[in-house]
1. Look at residue 65 and say whether it is surrounded by 13 or more Cβ atoms within 10 Å (Cβ to Cβ), part of a loop (DSSP other than H, G, I, E, B) and modelled with pLDDT under 85.
2. Quickly run through region 68-126 and pick out the residues that are in a helix (DSSP H, G or I), surrounded by 12 or more Cβ atoms within 10 Å (Cβ to Cβ) and in contact (Cβ under 8 Å) with a residue 12 or more places away in the chain.
3. Would you point out which residue out of 28, 24, 80 is in contact with a helix residue (DSSP H, G or I) (Cβ under 9 Å, 6 or more places away or on another chain), under 25 Å from residue 120 (Cα atoms) and at pLDDT below 80?
4. Give me the residue from region 31-57 that is loosely packed, with under 15 Cβ neighbours inside 10 Å and at pLDDT below 70 and, out of that set, nearest to residue 83 (Cα to Cα).
């Protein structure tokens, strides 16, 4: 409903919003990346082989084109194992903020958060909250 209203108003959804609203119509993670502005995914790949992905062109120091992939905080070279329905959010960084990743981020950074990791973060936050509550109750009872 929200998705249709935004499209009718002439707006567009980012890949992150499309994933969060459950409107995934992507067969692979690369189809999802193709919908991101400024990201070009070259034809090819398949069967576990990464296609060429261009965000910021070709790196002058290394001749590399691939961006840096970060999945749930872990740097990886290959994201073919990711399924679009398992992704909670996608963030593409193309500007100077990629400098926090050093030379690895010179061609841009693509950050994926999976639904499993988000659920785990929520569980851990609830556990910490329960521990704090128990500690306060124990302190009051002394």
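The values are calculated or read from the model by the stated rules, or taken from the named source; none is laboratory data. Note that the coordinates shown come from a computational prediction; the quantities given were computed from them, not determined experimentally. Positions of Cβ are backbone-derived with ideal geometry, glycine not excepted, and every protein chain shown enters the neighbour counts.
1. When the stated conditions are applied, residue 65 passes them.
2. 84, 86, 98, 101, 103, 104, 105, 115, 117, 118, listed by residue number.
3. Being in contact with a helix residue (DSSP H, G or I) (Cβ under 9 Å, 6 or more places away or on another chain), under 25 Å from residue 120 (Cα atoms) and at pLDDT below 80 holds for just one of 28, 24, 80, which is 24.
4. Top of the filtered list is 46.
Yes/no per residue for (1) at pLDDT below 90; (2) touching a helix residue (DSSP H, G or I) at 6+ places or on another chain (Cβ under 8 Å):
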| position | (1), (2) |
| --- | --- |
| 59 | yes, no |
| 72 | no, yes |
| 89 | no, yes |
| 97 | yes, no |
| 105 | yes, yes |
| 115 | no, yes |
| 121 | no, no |
| 127 | no, no |
| 132 | no, no |
